[in-house]
Structures are given as C-alpha cells and as structure tokens.
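Take a look at the structure set out below.
The values are calculated or read from the model by the stated rules, or taken from the named source; none is laboratory data. Please read all numbers here as calculations on a predicted model, not as lab measurements. Don't worry about glycine lacking a Cβ; one is built from the backbone with ideal geometry, like all the others, and counts go over all protein chains shown.
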Amino acid sequence: MRVLLYGGGGREHAMAWALSRSPLVGEIHCAPCNAGIASLAKIHDIDPSDPEKALDLAEKLSPDLVVIGPETPLVAGVADFIRERGIPVFGPGALGARLEGSKAFAKLFMARHGIPTADFDICETVEQADAALCKRTPPYIVKADGLAAGKGAFVLGTLLEAREICINLLQRKILGESGRKVVIEDFLPGEELTVLAVTDGSTFRFLPSSQDHKRAFDGDKGPNTGGMGAYSPVAWADDTFLQKVSFQVVEPTVRGLALDSIPFRGVLYCGLMVDQSGGIRVLEYNVRMGDPETQAVLPAFGGDFAALALASANGSLGKTVAESTSRFAVGVVMASKGYPSYYEKGFPISGLERASGKDGVIVFHSGTTINGAGQTVSSGGRVLTVVGTGDDLPSARARAYSALDDIRFEGAFYRKDIALGKGVKHDE
C-alpha cells in the first residue's frame, strides 16, 4: 500500500523506518522531511499543520493510509479533513486531540471518568492562581493549558516563583493563547513511565513501555528539554503491572471517549507516575507517539507497525493479535551546543554510515538537512537519536554508545547516562 506520513522529526523517521519494514507497504510519502527520512520516502515540502495543504496532498496522492506524527496537525483537525474524504487516518480528530491540546480539558476528562490523577485547579486569573497555590506546598506544579512545544510545564520550588510564572502566563501572555488558562496541581513523587496504547476507539493494543530522560545533562541536571534519550521496554512494567494500567487508565479512557461521543483512532500516550507502593497516577495524555520515546519503542516492538496503524485507522483493531516485545532498545540524543536555548546550525555530520553499519544500531535523524554541497548537516537542537538494540538492556546500551563514538559534528553533546542502572524490578 501507499502510505502518507506527516511530520519531519526523529519520531517520524522512526515511523518511516518501521513502516518500510512491513510487507504491506510498497511506497512511503512524507511531508516535510529530514535527511534521514529522505532515504526512505518521497518528499513533499508542505506544512502538515495547514489543513488545506495537508488535504490537497492527500487527495493528490490517494494513499491507502495516512499517518500523522506531530501534535500540532492533530489539534488543528487535519485528520478530520482527510477522513471526510474516505481516506483511513492513523491519528485522532480535533475532538480527541483536545486530550493533549488542552490540559484543562484532559484533567476534567479524567475527573469525570474516574481516571487517577493529581488533584488540580483550573485558573483563568492571578487571583484564582493565588488561591490554588496557597492550598499547596512546594514543589508547585503549574502548566499552561494549551500546546507550548514542551515549554508549558513548570516545577517551582517557592511560592514566589510559582506566582511569578502564573503572572507571566495569565497577565503577560508569554505563551500567548496557550497560557490563557493554567492548571495548578499537586506534586506527585515517584518514577515516571510512558505507556503507549494504539486504539480504534473500542479496543486497544499496547506498544512496549518506555522511560525518557528530560534534563539536558548527566545526573538529571540542567534545563528541561524535549528529551535527551529513552529506553524500552521498562523491566518492572511487566504483564501484571500493565494489566493494572489497562484496568485503571486505558480502559476507562477508551470507554470515556466513547461515552463522550469522541471518536479516537490513533495512539494514546499515557504519561504515568508510579509511587513507591505501586500506585498509578496520570501526569498527562498525549495523542501521538513521543519523541524520543518512539525511536526506542518501535525498534523494541516485535510486530508489524503498518498493520497495527491500518487496523486502528479502519476500526478493526479487535481482529489483530497482540504482539509481544522482542528486543530492548536504547536511544541517545545527539544535540547541538546550547540546546535547549540558542544553538547554531549547518555543521557537517561525519561518521553516519560507519555508525549505521554496526550490528544492532539504527541512527534516526531529527534536526538534519542536506546542504548545497550534498552534505548532511545539523538543522535543529536535537540532531540525531542513536539507537542500540539487543537481547537485553546492557547490550543495547553498549551498542548505542559505541556508535555515538563514530559520529561527529561541531558542538555535539549527549548524555552519558541514558538507561544507566535501569532494567531492575521497581521494588528492588
């Protein structure tokens, strides 16, 4: 079949890689792209967040399946426009995408359907925010309601800092409409975990669990980023644990969407916090696969991703067989000096072929492009995700870091401790 993939980052390169491995797929088109995706797909230079342009391309290509990677086109309703033309789409429409597009909507949805999450207040004025903050003790959690490209969640150590952030969002509009409302919620201690569930709105299938590393530097130091690496699966997230996640989180979410008459065909990203006693709370929903989690999850997945996405898009997921995880994967992000703040672009990247040629190694491109001289150069803050795979986590990790030694570009940096010390039971 012909597949049209929207999105041009590391997540989409991993998706294109997984789609290309399916015997169902004969042709992949992508809009836009990076230097890695260009080796797997025919490229179309459009903005997938523009519903009209996205629809025009879909109508021109008449694909058998459209896969939407990023959150922005999903929130913009691109899936709705394309589905109305009778084309199967892997990705929810605008109503379902509100689970990510509005944190206030998501929290109210969880409260309405009995899904465990932190206690919260939704505030539209500084006065309301003051009252919500005074009910709590540090650290204070403040989240902008709308999409903010990973810059809308704040963990503050003092009441003064928390109040200043609320003023910046609600009065000074530093995030524009995304900060028109804020969610203030209780801090949840524990260990974070990502569980991805592919659903067609009535049933679901789990993808391998994962954990990512948000801070820029080793030891979880430095500023928050979009993610500096991830590994999959998580050893202590065994079948018994996933049954608990299914019963407490995913089943009531899918059931709640149906009760609220919200169609949903795509991925439910459940960001979970697990406390010392094994209690589960939902930190957030996303309505697409994560980045860089996808770069580890799909290599660890033992099944046919294209078949799974098509079954979700067609509403026939219940006819598929649940696949088990077959491998371990560790992905380490190579970033540009200065990320997540200011960074320079355009530096030639060497060693890609040597690294990719190693056994059990995949190099996914995020912020790369081809310059006028035909060189692969850096074009973003997160440039590459170097993934090692293996029969266990230590061997996967060793392969990733061995390949990282082969790759060079000016100002490159990466964490040395991705997945270090992981792979043990949660209660050990």
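Among the residues of the range 128-171, count how many are closer than 30 Å to S49 by Cβ and acidic (D, E).
Final tally of qualifying residues: 1.
So G222 ticks every box in (1) in contact with a strand residue (DSSP E or B) (Cβ under 8 Å, 6 or more places away or on another chain); (2) crowded, with 21+ Cβ neighbours inside 10 Å; (3) over 21 Å from A118 (Cβ atoms) but one. Which box is left unticked?
Unmet condition: (2).
Checking the conditions here, which among G351, G303, G331, G360 is more than 27 Å from M1 (Cα to Cα) and free of Cβ contacts under 8 Å to residues at least 40 places away in the same chain?
After ruling out the rest, the residue left standing is G360.
Taking the stated definitions as given, is K151 surrounded by 14 or more Cβ atoms within 10 Å (Cβ to Cβ), more than 30 Å from W236 (Cβ to Cβ) and at pLDDT below 95? Quick ask: steps written out before the conclusion?
Details: surrounded by 14 or more Cβ atoms within 10 Å (Cβ to Cβ): yes; more than 30 Å from W236 (Cβ to Cβ): yes; at pLDDT below 95: yes.
So K151 fits the description; yes.
List pairs: first in the range 115-131 and β-branched (V, I, T), second surrounded by fewer than 16 Cβ atoms within 10 Å (Cβ to Cβ), Cβ under 7 Å, 6+ apart or cross-chain?
Once the first residue is β-branched (V, I, T) and sits in the range 115-131, its partners that are surrounded by fewer than 16 Cβ atoms within 10 Å (Cβ to Cβ) give V126/I167; V126/Q171.
Can you tell me which residues in the range 208-262 are more than 24 Å from S395 (Cα to Cα), of a type in the set (F, W, Y) and in contact (Cβ under 8 Å) with a residue 12 or more places away in the chain?
Across the range 208-262, the qualifying residue is only F241.
Kindly provide the set of residues from the range 112-131 that are buried (at least 21 other Cβ atoms within 10 Å of the Cβ) and among the aliphatic types (A, V, I, L, M), ordered by number.
Answer for the range 112-131, where residues must be buried (at least 21 other Cβ atoms within 10 Å of the Cβ) and among the aliphatic types (A, V, I, L, M): I115, A129.
Hydrophobic (A, V, I, L, M, F, W, C) and more than 20 Å from the chain's Cα centre (by Cα): which single residue out of L170, L147 fits that description? Walk me through how you get there before you give the answer.
Values: L147 fails: more than 20 Å from the chain's Cα centre (by Cα).
Of L170, L147, the one residue that is hydrophobic (A, V, I, L, M, F, W, C) and more than 20 Å from the chain's Cα centre (by Cα) is L170.
Of the residues L207, L242, L169, L188, which is assigned by TED's automatic domain parsing to the domain that holds L147 and either exposed (fewer than 15 other Cβ atoms within 10 Å of the Cβ) or of a type outside the set (V, I, T) (or both)?
Details: L207 fails: assigned by TED's automatic domain parsing to the domain that holds L147; L242 fails: assigned by TED's automatic domain parsing to the domain that holds L147; L188 fails: assigned by TED's automatic domain parsing to the domain that holds L147.
After ruling out the rest, the residue left standing is L169.
Give the range 18-34 a look and list any residue that's buried (at least 24 other Cβ atoms within 10 Å of the Cβ) and within 15 Å of S356 (Cβ to Cβ), or say none.
Matches in the range 18-34: N34 only.
Quick check on this structure: which one of K319, K345 is free of Cβ contacts under 8 Å to residues at least 12 places away in the same chain and among the basic types (K, R)? Spell out the reasoning first.
Numbers: K345 fails: free of Cβ contacts under 8 Å to residues at least 12 places away in the same chain.
Result of the check over K319, K345: K319.
Failed condition for G372, given (1) under 29 Å from I68 (Cβ atoms); (2) assigned to a loop (DSSP other than H, G, I, E, B); (3) not hydroxyl-bearing (S, T, Y), with all others met?
(1)
Given the criteria in contact with a helix residue (DSSP H, G or I) (Cβ under 8 Å, 6 or more places away or on another chain) and not hydroxyl-bearing (S, T, Y), does P139 qualify? Walk me through it before giving the result.
Working: in contact with a helix residue (DSSP H, G or I) (Cβ under 8 Å, 6 or more places away or on another chain): no; not hydroxyl-bearing (S, T, Y): yes.
No: the conditions fail for P139.
Looking at P340, P394, which one is out of contact with any Phe, Trp or Tyr (no Cβ under 7 Å at 6 or more places or on another chain), touching a residue at least 24 places away in the same chain (Cβ under 8 Å) and part of a helix (DSSP H, G or I)? Working first, answer last.
Working: P340 fails: part of a helix (DSSP H, G or I).
The unique qualifying residue is P394.
Checking the conditions here, which among F109, F90, F105 is under 22 Å from F204 (Cβ atoms), touching a Gly at 6+ places or on another chain (Cβ under 6 Å) and at pLDDT 95 or above? Explain how you work it out, then say what you get.
On the way: F109 fails: touching a Gly at 6+ places or on another chain (Cβ under 6 Å); F105 fails: touching a Gly at 6+ places or on another chain (Cβ under 6 Å).
Answer to the check: F90.
Tally the residues that are among the small types (G, A, S) and assigned to a loop (DSSP other than H, G, I, E, B), restricting the search to the range 26-40.
Here is the first cut: in the range 26-40, the residues among the small types (G, A, S) are 26, 31, 35-36, 38-39.
Still in the running and assigned to a loop (DSSP other than H, G, I, E, B): 26, 35-36.
Summing the residues that are among the small types (G, A, S) and assigned to a loop (DSSP other than H, G, I, E, B) in the range 26-40 gives 3.
May I ask you to verify whether I262 is over 19 Å from the mean Cα position of the chain (by Cα) and surrounded by fewer than 22 Cβ atoms within 10 Å (Cβ to Cβ)? Outline the logic, then answer.
Values: over 19 Å from the mean Cα position of the chain (by Cα): yes; surrounded by fewer than 22 Cβ atoms within 10 Å (Cβ to Cβ): yes.
Yes: the conditions hold for I262.
Across the range 310-342, what is the number of residues that are buried (at least 23 other Cβ atoms within 10 Å of the Cβ) and either within 27 Å of A419 (Cβ to Cβ) or touching a Lys or Arg at 6+ places or on another chain (Cβ under 9 Å) (or both)? Step through it out loud before you land on a result.
Going through the range 310-342, the residues buried (at least 23 other Cβ atoms within 10 Å of the Cβ) turn out to be 310, 312-313, 328-336.
Subset that is either within 27 Å of A419 (Cβ to Cβ) or touching a Lys or Arg at 6+ places or on another chain (Cβ under 9 Å) (or both): 312-313, 328-336.
Total meeting the criteria: 11.
For residues that are charged (D, E, K, R) and assigned to a loop (DSSP other than H, G, I, E, B), scanning just the range 299-330, find the one that is farthest from H113 (Cα to Cα). Give the steps one after another, and end with the answer.
Residues of the range 299-330 that are charged (D, E, K, R), as a first pass: 304, 319, 323, 327.
When the remaining residues are screened for being assigned to a loop (DSSP other than H, G, I, E, B), the result is 304, 323, 327.
Values: D304: 32, E323: 28, R327: 35 Å.
Here the answer is R327.
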